[in-house]
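All remarks here apply to the structure that follows.
The values are calculated or read from the model by the stated rules, or taken from the named source; none is laboratory data. Nothing here was measured: the structure is a model prediction, and the numbers come from that model. Here Cβ is always computed from backbone atoms with ideal geometry, including for glycine, and neighbour counts include all displayed protein chains. Heads up: the accessible areas ignore ligands, DNA and RNA and are worked out on the full protein's heavy atoms, side chains in. Shrake-Rupley method; radii C 1.70, N 1.55, O 1.52, S 1.80 Å.
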Amino acid sequence: MPIDSSQAQGTAIGLPRRVVPERAARAFLVGAMSAPQRLVLTNSTVLDGESAIGPDCTVVVEGSTITTVAGTGSSVEPGPADQRHDLAGRTVMPGLITCHFHSTYHELGSVPTPFGFEHPPAYQALLGARNLRTALECGYTGAVSAGAANDVDPSLKRAVNDGLIPGPRFLPGSRELSTTGHSNDSTPWYWNVGAPGAIRICNGAEGFRLGVRDEIKRGAEIIKLFVTGGHGTTAPKERTELTRDELAAAIDTAHDRDALIRGHIANKPALLLAVELGIDIVDHGDDMDDECIAAMVETGTYLVPSLYFPKHFIETMGTGLGFTEAMKADLDYSYEVLPKANAAGVRILVGDDYGAVGFPHGLYGHEFTLYADEVGIPALDVMRWATRHAADLLGRPDLGTVAEGATADLVVVDGDPLIAPSLLADAAALTVIKDGSVVSGALPGRR
């Protein structure tokens, strides 16, 4: 489903069925005797999501839309009501979009309670509001859920859209759906505790059809499946927890109801099956190889590798939460195969399990350093994952770019993130613009 509730639905051509929003028409009433106010950013370096345009550029925003991107040395005729800011070479780039976001996670795994029952639902909603605000202040003007407890996400989206809380454009998610006894269904049977919480147990194709339909009825616009164990769960990654019929039923039902669908998938057979059946996003993909890469390129399936959490956990806490000594080898393998996937054209996205124990929300920018500086992905490619690829997933060509006619979701950073990706890890150094308005930080050099 689209991020904005005002947008219509559709189907992308030539890819697994997805939701393709129709650009909402906006009208702005301007008094006959007054000029419209414009935000004019001069002397800026523009990074448009696909390439670096160059220094000494001017970006003009009217209302919520970018109306001018003037190249090096170009000037824009000043208007009487302009808010003009000399950026002194700072970089203007698209607002970032995180595509693996758990709104209700806070030190998840530190309290021995059933998954999703760590806090009352109302408290989880407050945590979600705080986490969304944190993401916005870190330069993320868009976020795609990877699952949340107790139907919190749809209400968070509504609160953001209604202006009740600050936050990014938000695609709300479901509970995680999987079968009896799957990776996170580890509560002792005699406790007699099941859904809701953060999991929903489904069994058989009809069970998954019902589960997906009901989660969408409750407001989920992207369905989360737990297809395998592995990658931070206590179940082995070799375990596939859905049958082919169950997985097919879940994917088909989500697409029939115009929702996206994603899956926690670590082993190769499950990855190939999910891609064959048309899943939209593969989360993790630890055992991805050349065959998997070829299949994902052919189908246009998206990948969220989420490598920062296991790296951070192993370095700071050692083993636990399903991260074993073997995970170190898995990380080394992922560092080798991910550049191949990127070079082959797999549509990779950023995002991770922020909010897990020892891994708080707000660390998002460190992903850029990991992938660019340690894994060896070109920094511009990683930037593309967080902008253009994410916008394509959402069917929003007006997002993830600095271009005339695009929505004015922008980040201003003092420096060049292509040379120093670590700049994006310092939220205090960022100015964030959403829909043409400064929502975090301040613009320099007003004149």
Practice task
On a 0 to 90° scale, report how tilted helix 325-344 is relative to the longest principal axis of the chain, with both axes built from alpha carbons and the result rounded to the nearest 10.
Solution key: 50 degrees
Problem - Degrees separating the helix 308-317 axis from the principal Cα axis of the chain, which is the longest one - result: 70 degrees
Practice task
Go through region 233-240 residue by residue and turn each phi into a ³J(HN,Hα) via Karplus (6.51, -1.76, 1.60, θ = phi - 60°); whole Hz please, and just put x for glycine and proline.
Solution key: 10, 7, 7, x, 5, 6, 7, 9
Problem - Per-residue [θ]222 nm for the chain (sum of -39500 (n - 2.57) over DSSP H runs n ≥ 4, rounded to 500) - result: -8000 deg cm²/dmol
Exercise for the section: For D290 paired with N192, estimate the spin-label separation in nm (one decimal), with each label point 7 Å from Cα along the Cα-to-Cβ line. Expected result: 5.7 nm
Practice task
Take the Cβ-Cβ distance between A326 and R218 as r, set R0 to 35 Å, and report the resulting FRET efficiency rounded to the nearest 0.05.
Solution key: 0.40
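Protein chains only, probe 1.4 Å: how do Y364, Y123 rank by accessible area, largest first?
Details: Y364 0, Y123 110 Å².
Reading off the accessible areas and sorting them downward yields Y123, Y364.
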Exercise for the section: Please give the per residue accessible area of region 280-390, computed with a probe of 1.4 Å over protein heavy atoms only, in Å². Expected result: 31 Å²
Completion exercise
Residue-ordered couplings for region 88-103, obtained by feeding phi - 60° into the Karplus form 6.51 cos²θ - 1.76 cosθ + 1.60 and rounding to whole Hz (Gly and Pro as x), are 6, x, 4, 8, 9, 9, x, x, 7, 10, 8, 10, 8, 10, 10, 5
Handout entry: Other-chain or far-sequence residues with amide H under 5 Å of V227's (modelled H)
Key = H264
Exercise for the section: Report, by chain and number, residues whose modeled amide H sits under 5 Å from the one on R347, excluding near sequence neighbours (fewer than 5 apart, same chain). Expected result: L303
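Based on Cα coordinates alone, diagonalise the gyration tensor for region 106-215, multiply each eigenvalue by 5, take square roots, and list the semi-axes in whole Å, largest first.
Values: eigenvalues 146, 56, 24 Å².
In descending order the semi-axes read 27, 17, 11 Å.
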Fill in the blank from the handout: In the list [x] 72, 49, 39; [y] 108, 56, 37; [z] 71, 43, 42, the entry giving Cα extents along the principal axes in Å computed from the coordinates is [z]
Handout entry: Karplus 3J(HN,Hα) series, Hz, for region 390-405 with 6.51 cos²θ - 1.76 cosθ + 1.60 (x for Gly, Pro)
Key = 5, 4, 5, 4, 7, x, 10, x, 7, 10, x, 8, 10, 8, 5, x
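Would you kindly state how much longer the chain becomes between R239 and V438 on full extension, computed as 0.36 nm times their sequence separation minus their alpha carbon distance, in nm to one decimal? Don't skip to the end; give the middle numbers.
Numbers: separation 199, 0.36 × 199 = 71.64 nm, distance 4.70 nm.
Length gained between R239 and V438: 66.9 nm.
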Problem - Pairs from K224/K328; K217/K237; K268/K434; K311/K434; K340/K434 whose Cα-Cα separation, in the structure shown, is over 28 Å - result: K217/K237; K268/K434; K311/K434; K340/K434
Exercise for the section: Amide H neighbours of R84 under 5 Å, at least 5 residues apart or on other chains, H built in the peptide plane: list them. Expected result: V40, R447
Practice task
Mind pulling the angle between the C-alpha long axis of helix 290-299 and the longest principal axis of the chain? Nearest 10 degrees, somewhere in 0 to 90.
Solution key: 60 degrees
Fill in the blank from the handout: About its Cα centre, the chain carries a charge dipole, from +1 on Lys and Arg Cβ atoms and -1 on Asp and Glu Cβ atoms, whose size in debye to the nearest 20 is 1180 debye
